[in-house]
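The values are calculated or read from the model by the stated rules, or taken from the named source; none is laboratory data. The structure displayed is predicted, hence computed values, not measured ones. With ideal geometry, Cβ positions are generated from the backbone for all residues, glycine too; neighbour counts draw on all protein chains shown.
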Amino acid sequence: MVRLYLSLAVVVAACGDSPSSVPSSDAPEAVVDAAMPDALDERVDDPCPATTACPVPPSLTRGAGLVAIDRCAFPLAPTTTDYAGTIAALSLKLDRVTMADVVADVNRTADVVSAGQVPGSAPGVKSAFRWNSGDESVAYWIPQGITGSFDGTATGKVGDRKVVLVSWYYDKDSDTGSTVEKGVRIAVVDVTNPADVKYRFALLVEPTGSATAPSYKSVPIHAGGLAWVGDRLYVPQTGTGFRVFDLAHILKVDSLDDRIGFDAASGTFAAHGYQYVIPQVQRISSTHACQSVFSFVAYDRTSTPPSLVTGEYDSATIQGRLYRWPLTESGALQLTKMDRVIPSAAYFMGESHVQGALARNNTWWLSSSRPTGSAGELVRTKESTTSVRLGWNDSPEDLAYDPQRDSVWSLSEGLNARYVFDAARASISP
């Protein structure tokens with residue numbers, strides 16, 4: 001990733017609202033630097049023809065392992081929208097803060113629970129919590145994706161704090177009387193002390209307007225997964241690809257009104273009552289006809305090069321696919337000289353109802369809601385190898401691996417049963 005440096009001074013402040021080895025920035029720089037696409041010299045030769053036929057699903061057997069397919073059928077490409085000037089302008093009008101500032105400003109307290117209180121049969125649970133009563137019972141904000149400083153920073157921490165991020169999407173139809181899409185909020189959770197977990201929310205936004213009249217809007221996507229890589233937060237957009245958000249340009253708004261963007265009458269910026277916004281810096285979308293679905297995402301630092309893994313939720317068949325997307329040393333998706341991102345691998349899963357996937361040293365774990373009722377299971381699998389089924393939490397969602405604790409983080413979405421936990425990897429490994 002290259003950066004365009006503009007000599008623009010910023011003031012940094014943080015206060016509260018009402019209740020691999022890719023480095024991440026811990027402090028604002030002395031200038032406003034806006035993320036830009038990769039430079040040409042970081043690109044690689046394109047390994048694929050311009051077009052490739054969509055793979056036809058073979059006869060698949062549940063539990064028989066992954067089936068490799070032609071990766072060339074699934075190219076992505078960045079869109080041409082350049083948000084750099086607008087983000088720089090917003091950084092002049094609003095205080096730019098760091099992730100450390102947000103973590104220091106947590107304003108909600110989670111309900112810490114014991115391993116035995118996590119519904120389901122996940123083995124080896126090491127720590128767990130629920131959200132506060134209001135967030136447990138709210139019907140129109142629903143938790144989905146998970147990542148953390150264990151993905152995002154070389155030390156696994158932000159300063160001296162261990163942080164988990166969880167995405168929540170807004171369901172307007174469940175919010176009686178609402179006429180607006182509020183998009184996605186990110187819970188920034190301080191889990192440094194598992195016995196005392198606190199958090200607060202920031203809103204994902206897409207910059208709008210111009211460098212002379214900047215604003216932003218909400219991002220109405222499902223956000224079924226998260227991957228924090230350096231200063232980038234990757235969020236899957238179900239039928240499209242990735243939206244990428246800039247964690248080096250978190251902004252503190254100057255109004256807590258329940259509206260979005262700049263209001264000319266008051267001269268202030270708001271984010272539906274949230275104090276902080278995280279701006280979108282890039283979109284990367286499918287450029288093929290094979291109808292890839294981006295239901296979840298995880299970061300795999302054990303692959304060469306490190307990669308993002310994504311997959312497709314499919315409740316009707318076992319033909320959902322998995323993909324591995326290579327990253328550059330800076331944590332950007334690897335572009336070819338044809339301006340494409342080509343997966344380094346693609347598979348049919350041979351499983352249904354998959355809500356999250358994690359890969360480590362070519363072993364894959366898939367969280368599935370296939371069991372009857374709200375029960376979940378964890379499937380451990382490889383290519384052409386009989387899968388192993390393990391117990392897991394009820395109403396399972398995304399997965400993330402924490403190398404510092406050698407554990408797997410996951411969560412559940414059920415109303416009044418929203419648990420976040422980490423389980424020892426040894427308990428789910430051969």
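For the range 163-199, the tally of residues that are outside any loop (DSSP other than H, G, I, E, B) and of a type in the set (Gly, Ala, Ser) stands at 3. Looking only at the range 74-91, decide whether some residue is modelled with pLDDT of 95 or more and surrounded by fewer than 20 Cβ atoms within 10 Å (Cβ to Cβ). Yes, because at least one residue in the range 74-91 is modelled with pLDDT of 95 or more and surrounded by fewer than 20 Cβ atoms within 10 Å (Cβ to Cβ).
Scanning the range 291-327 for residues that are over 19 Å from Ser167 (Cβ atoms), β-branched (Val, Ile, Thr) and surrounded by 18 or more Cβ atoms within 10 Å (Cβ to Cβ) gives a single hit, Ile318. Would you mention how many residues in the range 93-110 are surrounded by 16 or more Cβ atoms within 10 Å (Cβ to Cβ) and outside any helix (DSSP H, G or I)? Residues meeting the conditions: 9. Against the list (1) over 30 Å from Thr372 (Cβ atoms); (2) among the polar types (S, T, N, Q); (3) touching a Gly at 6+ places or on another chain (Cβ under 7 Å), the condition Ser295 fails is (1). Strands (runs of 3 or more DSSP E) fully within the range 295-405 that include at least 3 residues being of a type in the set (Asp, Glu) and modelled with pLDDT of 95 or more: 396-402. For the range 152-167, a residue qualifies if it is surrounded by fewer than 23 Cβ atoms within 10 Å (Cβ to Cβ) and either closer than 23 Å to Asp257 by Cα or touching a strand residue (DSSP E or B) at 6+ places or on another chain (Cβ under 6 Å) (or both), and exactly one does: Arg161.
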